[in-house]
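Remarks on the structure that follows.
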Amino acid sequence: MNIDPYDPRKGPRKDPRKDPRKDPRQYDERKCYCRTLGHDVPFGYCRESHEGLPCKRLLDCWFEQFPIEAYLREHYSDEQIAKAFAPPQAKLTSLVQLIEEARKRAAEEAEGTGEG
């Protein structure tokens, strides 16, 4: 069966494996020591470890391995980068948020079971 790689509506198909600069997984198999976890981890873990966004320490850990800043600019929006590298919330603020979320979940569960 002969499949024509050209679709006139979309243009020629582009296989991300043929242009590794466009594939966000291009460095996923490389490993680096993680100071947070205390052992080697693959880049694929680091680029998705924070709710699908890069780890906050990504730049510190990977800058010697490949051009990490260019990689981030190519594969993430400015908003995603800002969210990933934003300073952490104060512990008290995050604790209050966690308590509020737990109360909200408990109230929703109580409503769902007819209790309350």
- Please give the length that would be gained between Thr36 and Glu79 if that part of the chain were fully extended, namely 0.36 nm times their separation in residues minus their C-alpha to C-alpha distance (nm, one decimal). 13.1 nm
- To the nearest 0.05, what FRET efficiency results for Arg25 and Ala86 with a Förster distance of 30 Å applied to their C-beta separation? 0.75
- Message: If each residue of separation counts as 0.36 nm, what is the full-extension length gain between Glu100 and Glu64 once their alpha-carbon separation is subtracted?
- Response: 8.8 nm
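Every number in this text was worked out from the coordinates using simple rules, so none of it is lab data. Fair warning: this is a prediction, and the values are worked out from it, not measured in the lab. Methodologically, a virtual Cβ is constructed for each residue, glycine included, from the backbone with ideal geometry; neighbour enumeration extends over all protein chains shown.
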